[in-house]
Amino acid sequence: MSLATILQEKATAHSSKIAMVYGKEKLTYGGWQKKSNRLANALLKLGITPGDRIVILLPTSIEFMVCYIGVIKSGAWATPIDVRFTPEELDFLFQDCQPTALISVNPYLEALAPELSKHKSLKHVISLSKPTQSSFLSYKELLNSSSPKQPDYTIEESDIAHLRYSSGTTGRPKAALTTHASELAGARMGAET
């Protein structure tokens, strides 16, 4: 079981119910399921494999949650990065986690663009904004060209769900791995309070 499995169950039982609201934006469970499936399938088509790290550099938004679930559905490790990190911290994080892909939006993507070529592990840059560089992939186009069906990948509770970085109060940010079982335990605790 994983958060992706719970979303699948909710989407089946309550497809048209609102799953989240952010400002004036709303997304149903069914919409979240389909969009996250489309992203997962797009990532798999790009050659993303289980254990690949995908940096998600997005502000708080509905699309952040779509991307987070889409990444873990592909078997990759979601690596959410705080948009307030400095360029030096971001450079360290990229060197440390060796991401295969980056999902971001302007202005963060434009600020990082000149430095991205030095990170050899980075094969794909997916832009939620209109891509300003020919090597950047359009998030919208990737989703539109991918299937909304559940990806053909089975998530085990012992699989890594995400790699998170602390703010580094004693120096550089530090990484922590979290399994799907840990994510579920955290979600259950949050639901009980």
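Taking the criterion of being farther than 13 Å from residue 94 by Cβ and without any contact (Cβ under 8 Å) to a residue 12 or more places away in the chain, the residues of segment 115-137 that qualify are 130, 131, 134, 135.
The set of residues from segment 140-193 being polar (S, T, N, Q) and more than 28 Å from residue 85 (Cα to Cα) comprises 144, 145, 146, 147, 150, 154, 158, 193.
The strands (runs of 3 or more DSSP E) found wholly in segment 1-58 and carrying at least 3 residues that are open to solvent by less than 70 Å² (accessible area, probe 1.4 Å) occupy 53-57.
Summed over segment 60-82, residues that are surrounded by 15 or more Cβ atoms within 10 Å (Cβ to Cβ), part of a loop (DSSP other than H, G, I, E, B) and among the β-branched types (Val, Ile, Thr) total 1. Counting only residues that are on the phi > 0 side of the Ramachandran plot and modelled with pLDDT under 95, segment 76-110 holds 0 of them.
Annotation note: Cβ proximity below 8 Å between a residue of segment 147-163 that is in contact (Cβ under 8 Å) with a residue 40 or more places away in the chain and a residue that is of a type in the set (A, V, I, L, M) and part of a loop (DSSP other than H, G, I, E, B) (sequence gap 6+ or interchain) occurs for 157/1. The combined condition, being within 22 Å of residue 37 (Cα to Cα), surrounded by 17 or more Cβ atoms within 10 Å (Cβ to Cβ), of a type outside the set (D, E, K, R) and modelled with pLDDT of 90 or more, is not fulfilled by residue 184. Can you confirm whether residue 114 is of a type outside the set (Ser, Thr, Tyr) and in a loop (DSSP other than H, G, I, E, B)? In short, no. Once segment 123-157 is narrowed to residues that are in contact with a strand residue (DSSP E or B) (Cβ under 6 Å, 6 or more places away or on another chain) and surrounded by fewer than 19 Cβ atoms within 10 Å (Cβ to Cβ), the residue that is modelled with the lowest pLDDT is 131.
Scanning segment 83-111 for residues that are outside any helix (DSSP H, G or I) and farther than 20 Å from residue 177 by Cβ yields 83, 84, 86, 104, 105, 106, 107.
The values are calculated or read from the model by the stated rules, or taken from the named source; none is laboratory data. Quick caveat, the model's predicted, so the values are computed rather than measured. Here the Cβ is made from the backbone with ideal geometry for all residues, glycine too, and neighbour counts use every protein chain on show. These area figures cover heavy atoms from the full protein model, side chains too; ligands, DNA and RNA do not enter into them. Shrake-Rupley method; radii C 1.70, N 1.55, O 1.52, S 1.80 Å.
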